[in-house]
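Visitor: Pasting in a structure now, in structure tokens, and then I'll have a few things to ask.
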Amino acid sequence: GAEALKAAIEAAKQVSISSDDGSTTVVCISNLLTDKELQDEQESSDVLEDTKDKCEEDFGLVVSAVLVMPADGDLPGWTGRLMVRFAELEHSKMAAEKLHGVKFEGRPVACSFVPEKVYQDFKGKCKLTILGSAPPRST
């Protein structure tokens with residue numbers, strides 16, 4: 001149970017972190033919301049807030065998070081994706097590993113990494129953006 005999870009997290013922390021595997025500080029989570037839920041801005045906002053809180057609780061400080069909404073315009077293939085930018089690469093890697101395949105309301109979520117530059121572009125275009133507890137970086 002909880003002890004095994006703690007041991008797994010500790011073991012994961014011991015693994016050397018290198019970014020040559022395509023990982024970034026930004027984790028993109030898809031399949032979290034249905035099209036119907038995305039039509040409800042309050043519901044979407046709640047899911048964004050809850051996801052950020054859960055990520056900070058379980059993995060580490062979050063800089064900011066963004067949810068791509070249908071109202072954000074023509075962003076094919078991105079609508080409904082939630083992106084979380086972590087302060088540390090090791091935290092984003094842990095989050096992506098642990099959250100990938102987890103069932104959320106019966107749907108398996110998928111995680112991938114997004115380059116920080118792409119994330120910044122989305123952050124500028126998307127209405128639903130929240131800040132985490134980490135101090136913002138100048139990059």
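The values are calculated or read from the model by the stated rules, or taken from the named source; none is laboratory data. Quick caveat: nothing in here was measured; it's all calculated off a predicted structure. Quick reminder, even Gly has a Cβ in these numbers, built from the backbone with ideal geometry, and neighbours come from all protein chains shown. To get the accessible areas, we keep the full protein, side chains included, count just its heavy atoms, and leave off ligands, DNA and RNA. Shrake-Rupley method; radii C 1.70, N 1.55, O 1.52, S 1.80 Å.
Visitor: Which ones in the range 84-110 are in contact with a Leu (Cβ under 8 Å, 6 or more places away or on another chain), part of a strand (DSSP E or B) and at pLDDT 95 or above?
Guide: Phe86
Visitor: In this structure, is Leu128 open to solvent by less than 50 Å² (accessible area, probe 1.4 Å), more than 11 Å from Thr25 (Cα to Cα) and within 12 Å of the chain's Cα centre (by Cα)?
Guide: For Leu128, the condition - open to solvent by less than 50 Å² (accessible area, probe 1.4 Å), more than 11 Å from Thr25 (Cα to Cα) and within 12 Å of the chain's Cα centre (by Cα) - is not met.
Visitor: Another question, if that's okay. Determine if the range 66-83 includes at least one residue that is surrounded by fewer than 14 Cβ atoms within 10 Å (Cβ to Cβ), in a strand (DSSP E or B) and over 13 Å from the mean Cα position of the chain (by Cα).
Guide: Within the range 66-83 (the criterion being surrounded by fewer than 14 Cβ atoms within 10 Å (Cβ to Cβ), in a strand (DSSP E or B) and over 13 Å from the mean Cα position of the chain (by Cα)), the answer is no, since none of the residues qualifies.
Visitor: Can you tell me how many residues within the range 94-115 are crowded, with 16+ Cβ neighbours inside 10 Å and either over 20 Å from Asp53 (Cβ atoms) or among the β-branched types (Val, Ile, Thr) (or both)?
Guide: Residues meeting the conditions: 5.
Visitor: Residues in the range 91-98: is at least one aliphatic (A, V, I, L, M), touching a residue at least 24 places away in the same chain (Cβ under 8 Å) and touching a strand residue (DSSP E or B) at 6+ places or on another chain (Cβ under 8 Å)?
Guide: Within the range 91-98 (the criterion being aliphatic (A, V, I, L, M), touching a residue at least 24 places away in the same chain (Cβ under 8 Å) and touching a strand residue (DSSP E or B) at 6+ places or on another chain (Cβ under 8 Å)), the answer is yes, since at least one residue qualifies.
Visitor: Return the residues of the range 65-111 that are hydrophobic (A, V, I, L, M, F, W, C) and touching a Phe, Trp or Tyr at 6+ places or on another chain (Cβ under 8 Å); say none if nothing qualifies.
Guide: Val66, Val68, Leu75, Trp78, Met83, Phe86, Met94, Ala95, Ala96
Visitor: With respect to the numbered conditions (1) out of contact with any helix residue (DSSP H, G or I) (no Cβ under 7 Å at 6 or more places or on another chain); (2) more than 24 Å from Asp21 (Cα to Cα); (3) not acidic (Asp, Glu), which one is the sole condition not fulfilled by Gln120?
Guide: Tallying (1) out of contact with any helix residue (DSSP H, G or I) (no Cβ under 7 Å at 6 or more places or on another chain); (2) more than 24 Å from Asp21 (Cα to Cα); (3) not acidic (Asp, Glu), Gln120 fails exactly one: (2).
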